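Visitor: Okay, here's the structure, questions in a sec.
A short reminder: the numbers here are calculations on the coordinates, not readings from a lab. Everything numeric here is computed off the predicted structure, so don't read it as measured data. All Cβ positions, glycine included, derive from the backbone under ideal geometry; neighbour counts span all protein chains shown.
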Protein chains: 2
Amino acid sequence: MMRGEWATPALIVNGLAFAANVTAMSRALPGAKLRPHVKAFKSTALAKQLAAAGHQSFTCATLAEMAGMIRAGLGHDLLLANETVNVNALSAVATLAAEHNARVTIAVDSPATVEAAAAAGIAEVLVDVNVGLPRCGASPERAPQVADLARDSGMTVRGVMGYEGHLMMVEPAGDRRDKVKASMEILAVAAAAIGGDVISAGGTGTYNIHAELGIATEVQAGSYTLMDTDYGQLGHPFVPALEVESTIISVTAAPANGTGWLVADAGLKAFGMDHGNPSWNHGDVWFCSDEHITLAPHEPDRWSVGDRIRLRPAHVDPTVAKHDEMIVERPDQTHEIWPVDLRGWTIQ
Amino acid sequence: MMRGEWATPALIVNGLAFAANVTAMSRALPGAKLRPHVKAFKSTALAKQLAAAGHQSFTCATLAEMAGMIRAGLGHDLLLANETVNVNALSAVATLAAEHNARVTIAVDSPATVEAAAAAGIAEVLVDVNVGLPRCGASPERAPQVADLARDSGMTVRGVMGYEGHLMMVEPAGDRRDKVKASMEILAVAAAAIGGDVISAGGTGTYNIHAELGIATEVQAGSYTLMDTDYGQLGHPFVPALEVESTIISVTAAPANGTGWLVADAGLKAFGMDHGNPSWNHGDVWFCSDEHITLAPHEPDRWSVGDRIRLRPAHVDPTVAKHDEMIVERPDQTHEIWPVDLRGWTIQ
């Protein structure tokens, strides 16, 4: 298969941009200082590239991601940075981990999540501490009780995690730094009370602050690999590496005094739409339908039915989750397929 | 597996509501007057229910949907209501159709789409006519030339299609009717010039107008089966039949003078987000993360970690496309699994 031969819509990774992102992050947070978050790319093939760059431990958002990582031989040290009370699924992962000699750690923030982990035979947990984002995490005051309960249930408490997701986009950068520091001081107090040697936090938006502060022992960034438009505003040394290739299927010429348009074959089922429409370098996006996108080109005479175009998704993570595979383009014109094999919620 | 035992997030279909929707539509548009659009549900199991209700012909948005329908024995009369120049994929579908004695008709709106269909060995086409939506479709003036070109290429032109998608939500209903009528008069003129016996149009928003007008010979509605919140505003006799079941994984009690919240395990990867956040009968939705939804409950004391809740997606079609299966609940407490087997763009 050559460029231009694959069926559309297709996810395209710029291999050079991806490699540059991996290098830039590894320089700031080498080895185990980064625990890459697989939810951003849902691909064991991509994860293997990160492992080869020295990052052997990974963060997962679902037990299905964790099971897939174990089966792919990437189970050196996996953290579920999320709560669950699904004992059946936790048990399946615990069994799989034992079979593959993998290490799994589960976040807990309540008696119910501790009980589920213990009932499933999970050996190690982190206590998830709320550091300001209204989502999961025990309050800093209650977190030590959760740790005690986990130890009383026979599990090892490796430490704490806390996700400052509400601070990723704070501007200016100085304010972001101050607020992340305040969040991490909360987490450090909880860590001191709870014990263990892991303080896991952060993401692509704040990775550099963590590198400077040194409070978190590891950072849970994943979006930097393919890089979101939103995060791109922060001035980080990462470049967008993901586009959707689409074929123009209909061209309507402009009438006198009117505007013409193009239609391409990538619609709202091919893009994560929660951050809005994708963008196009060569014109305006009017709207997405299920399997179409209607575009007003800057140069109407340039485009014909059958031409291929590249569109940039507004949000990388959910875009990847809609596709079966990514096509990675290399500078030497070769390409490689990375299956998106960690989708869905079924434990394989 | 009993209710409450399946892993979450899970798509749940209310079997009674679905059956009522099918009955209501079949009454208005019996048999071949409805050509159900499979993009709305992407499931051959659901399509079989519609075939059993008398609708043997179907509309597809992708060639992958078409291939899946052929393989499932639902290839009596399939229309691709979309343009494509992918000769390889068209050829694969043409071959599959021949093997399974299926009938496939492809929409064309330009010389390039006619050439692709002819090159792939497609026997029958409809000419897609623009009736006002800025998307695909030849202008009414150019449509007869497209038909001539298709006939010159050896294909049969079955007639025309035109999708008045811009009129689905027009209020009040009288204006909607007048505008749909004007659109269909454009389509009827094109149909008279082109010949053939098919005039295909419409959707869930306008099905009742088509039933009254009688210009379109068939209506391409699909969303009525599971029914969208948006379409629910139109006063049609269809009821929402799809929810996402989710488990509460974290509860944060309200501080003095503050608001508490719940977190459940269905996030923006489990919902079509292009029409906004899902809704919840028992509280407000604050925001969706990849695998979480943060909710402010009306009755904070009512909810515990492990409780299951049901959320209503803002847009049914892309929500279904994110899941592997639908769990159909019957009034007698039994349930059935409908695989979502028509996802993606790969021809199986």
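Visitor: What net charge is computed for the residues neighbouring B:G75, neighbours being all others with C-beta under 14 Å from the C-beta of B:G75, Lys and Arg scored +1, Asp and Glu -1?
Guide: 0
Visitor: Within a Cβ distance under 14 Å of B:H100, other residues only, what is the Lys/Arg minus Asp/Glu net charge? Display every interim value, and only then the final one.
Guide: Numbers: positive: B:R71, B:R103; negative: B:D77, B:E99.
Residues near B:H100 contribute 0 overall.
Visitor: Further question: Based on the Cβ-Cβ distance of B:D332 and B:D178, what FRET efficiency does E = 1/(1 + (r/R0)^6) give at R0 = 45 Å, to the nearest 0.05?
Guide: 0.50
Visitor: State, to one decimal in nm, how far the label point of A:T346 lies from the label point of B:D301, with both points 7 Å from Cα in the Cβ direction.
Guide: 4.3
Visitor: Only Cα pairs under 8 Å and at least 6 apart count here; give the relative contact order of chain B as a rounded whole percent. It would help to have the intermediate numbers written out before the result.
Guide: Working: 799 pairs, mean separation 72.9, N = 348.
It rounds to 21 percent for chain B.
Visitor: Let me ask something else about it. If I take the Cα coordinates of chain A and project them onto the principal axes, what are the three extents in Å, biggest first?
Guide: Answer, in whole Å and largest first: 76, 46, 35 Å.
Visitor: So, one more: Ignoring everything except DSSP H segments at least 4 long, calculate the 222 nm mean residue ellipticity for the protein assembly as shown; use -39,500 (n - 2.57) per segment, divide by total residues, nearest 500.
Guide: The helix contribution divided over the protein assembly as shown gives -8500 deg cm²/dmol.
Visitor: I would also like to ask the following. Considering the options A:L50, A:L16, A:A61, tell which one lies farthest towards the positive end of the dipole of the range A:1-128, charges being +1 on Lys and Arg and -1 on Asp and Glu at the Cβ, about the Cα centre.
Guide: The one lying farthest along the dipole's positive direction is A:L16.
Visitor: If you don't mind, another one. What fraction of the Cα pairs in the range B:18-71, stated in percent, has a spacing above 12 angstrom?
Guide: Within the range B:18-71, distances greater than 12 Å cover 62 percent of Cα pairs.
Visitor: If you don't mind, another one. If the cut-off is 20 Å between C-alpha atoms, which lysines fall inside it for B:K269, apart from same-chain ones fewer than 8 positions away?
Guide: Answer for B:K269, where 20 Å is the Cα cut-off: A:K39, A:K42, A:K269, A:K322, B:K39, B:K42, B:K322, listed by chain and number.
Visitor: Can you tell me which of B:Q333, B:Q49, B:Q220 moves the most in a GNM of chain B? Springs connect C-alpha atoms under 10 Å apart.
Guide: Maximum fluctuation in the GNM of chain B, among the listed residues, is at B:Q333.
Visitor: Using a label point 7 angstrom from Cα along Cα-to-C-beta, what distances in nm, from shortest up, separate B:E212 from the other copies?
Guide: Result for B:E212, in nm, nearest copy first: 6.5.
Visitor: Please compute the Kirkwood hydrodynamic radius over the range A:114-176, one decimal place, Å, based on all pairs of different Cα atoms.
Guide: 12.9
Visitor: Under a point spin-label approximation (7 Å from Cα along Cα-to-Cβ), what is the A:N101-B:E212 distance to one decimal in nm?
Guide: For the pair A:N101/B:E212, the computed spacing is 7.3 nm.
Visitor: While we're here: What ratio of Cα Rg to 2.2 N^0.38 Å holds for the protein assembly as shown?
Guide: Numbers: Rg = 26.3 Å, N = 696, 2.2 N^0.38 = 26.5 Å.
Cα-based Rg divided by the globular estimate yields 0.99.
Visitor: Other chains near B:291-303: what is the mean number of their Cβ atoms within 10 Å of each residue's Cβ?
Guide: Details: counts 10, 6, 1, 4, 0, 1, 0, 0, 0, 0, 0, 0, 0.
Taking the mean over all residues of the peptide, I get 2.
Visitor: Run the numbers for A:A253 and A:E171: contour at 0.36 nm per residue of separation, minus the present Cα-Cα distance, in nm.
Guide: That pair, A:A253 and A:E171, stretches by 25.2 nm at full extension.
Visitor: GNM on chain A, C-alpha springs below 10 Å: top fluctuator among A:H275, A:H298, A:H236?
Guide: Maximum fluctuation in the GNM of chain A, among the listed residues, is at A:H298.
Visitor: Cα extents of the range A:104-235 along the three principal axes, largest first, in whole Å?
Guide: In descending order, the Cα extents are 45, 29, 24 Å.
Visitor: Report the percentage of all Cα-Cα pairs in the range A:231-348 whose separation exceeds 16 Å, rounded to a whole percent.
Guide: Pairs farther apart than 16 Å: 65 percent.
Visitor: Now for a different question. Given label points at 7 Å from Cα along Cα→Cβ, what nm distances, shortest first, separate B:P30 from the same residue in every other copy?
Guide: Once sorted, the set of distances for B:P30 reads 7.8 nm.
Visitor: Which distances in nm, rounded to one decimal and ordered from shortest, link the label point of B:G121 to the equivalent label points in the other identical copies, with labels set 7 Å from Cα toward Cβ?
Guide: Shortest to longest, the spacings are 5.3 nm.
Visitor: Another question, then. Using +1 at the Cβ of each Lys and Arg and -1 at the Cβ of each Asp and Glu in chain B, identify which of B:M168, B:T105, B:F41 lies farthest towards the dipole's positive end.
Guide: B:T105
Visitor: Determine which chain B residue has its Cβ at minimum distance from the rotation axis mapping B onto A, giving the value in whole Å.
Guide: B:M273, 3
Visitor: Next question. With +1 on the Cβ of every Lys and Arg and -1 on the Cβ of every Asp and Glu, and nothing else charged, how large is the dipole of the protein assembly as shown about its Cα centre, in debye rounded to the nearest 20?
Guide: 360
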